[in-house]
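Down below is the structure, laid out as structure tokens.
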Amino acid sequence: MDILQIVRILENIDKSIFTTQDFRKILDIKNSNTLYKTIEKLNKRGILTKIAKGVYFNSTKVPNEFEIANVLQKPSYVSLESALNFYGILIQTPYQIISVTPGRSKEVVVEEKEFIFCHLSSEYFWGYKKVDNFLIAEVEKAVIDTLYFKSKGRGTIDLGECDLSLINIRKLKRYASMIKWPAFQKLFREVFL
């Protein structure tokens with residue numbers, strides 16, 4: 001199969017991020033060596049851009065940065081300043097894409113964009129939804145996550161500078177009641193009661 005045929009196949013797929021295994025199925029390549037050489041050739045020609053080991057995106061269908069974040073660390077969902085900005089609560093646009101994960105904290109740079117993954121205990125890894133092709137905190141959970149990290153001394157955002165009118169206060173209080181960390185509860189009362 002030549003490069004032009006592969007480009008046409010990729011253009012007709014409603015997906016922009018691919019794993020090596022996706023390519024194996026899409027291009028019906030059985031031989032691993034042939035598969036890796038094909039991917040390498042596509043990458044060198046700028047048809048594919050490497051995101052991480054074994055993960056690429058179609059350069060003509062650049063994915064949303066939030067989609068890339070979800071692929072870089074699984075499981076994860078976009079939250080904190082990035083989610084608050086997405087919902088229009090935080091006016092400032094953060095330079096980094098910030099997500100939470102029950103995995104290890106880490107930072108990754110892809111195409112000069114910084115992706116930050118903050119460790120969040122698995123007992124608090126809830127309150128997110130799928131929007132388009134990425135997972136993002138619900139607006140109330142993004143506020144809860146922000147307060148939680150701030151109560152642990154790891155947050156810098158001032159919620160007083162945010163437009164909180166879009167938040168369902170009843171849902172926010174219900175979510176807050178699920179966080180047992182005493183410093184969080186104290187901070188939540190200071191901000192919302």
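The values are calculated or read from the model by the stated rules, or taken from the named source; none is laboratory data. Small disclaimer: the values here were computed from a predicted structure and weren't measured. Here the Cβ is made from the backbone with ideal geometry for all residues, glycine too, and neighbour counts use every protein chain on show.
Of all residues in region 100-125, count the ones that are buried (at least 16 other Cβ atoms within 10 Å of the Cβ) and assigned to a strand (DSSP E or B). Looking only at that region, the number is 8. VAL71 meets each of the listed conditions (1) in contact (Cβ under 8 Å) with a residue 40 or more places away in the chain; (2) more than 17 Å from LYS129 (Cα to Cα); (3) surrounded by 13 or more Cβ atoms within 10 Å (Cβ to Cβ); (4) among the β-branched types (Val, Ile, Thr) apart from (2). Annotation note: Cβ proximity below 8 Å between a residue of region 165-176 that is without any contact (Cβ under 8 Å) to a residue 60 or more places away in the chain and a residue that is part of a helix (DSSP H, G or I) and among the aliphatic types (A, V, I, L, M) (sequence gap 6+ or interchain) occurs for ASN168/VAL139; LEU172/VAL143; LEU172/ILE144; TYR175/ILE144; ALA176/ILE144; ALA176/LEU147. Restricting to region 154-177, name every residue that is surrounded by 12 or more Cβ atoms within 10 Å (Cβ to Cβ), in a loop (DSSP other than H, G, I, E, B) and not charged (D, E, K, R). Correct list: GLY155, ILE157, CYS162, ILE167, ASN168.
Of the residues making up region 74-84, just one is modelled with pLDDT of 95 or more and surrounded by fewer than 22 Cβ atoms within 10 Å (Cβ to Cβ), namely PRO75. If you check SER32, SER59, SER79 for being hydroxyl-bearing (Ser, Thr, Tyr) and touching a residue at least 60 places away in the same chain (Cβ under 8 Å), only one passes: SER79. Limited to region 101-130, what total is found for residues that are among the aliphatic types (A, V, I, L, M) and touching a Phe, Trp or Tyr at 6+ places or on another chain (Cβ under 8 Å)? Matching residues across region 101-130 total 3.
Given the condition within 9 Å of the chain's Cα centre (by Cα), assigned to a helix (DSSP H, G or I) and within 30 Å of ARG8 (Cβ to Cβ), answer yes or no: does some residue in region 71-86 qualify? The answer is yes; a qualifying residue exists.
Hey, can you tell me all the residues within region 23-51 that are surrounded by 14 or more Cβ atoms within 10 Å (Cβ to Cβ), outside any helix (DSSP H, G or I) and not polar (S, T, N, Q)? Hits for region 23-51 are ILE29, ILE47, LEU48, LYS50, ILE51.
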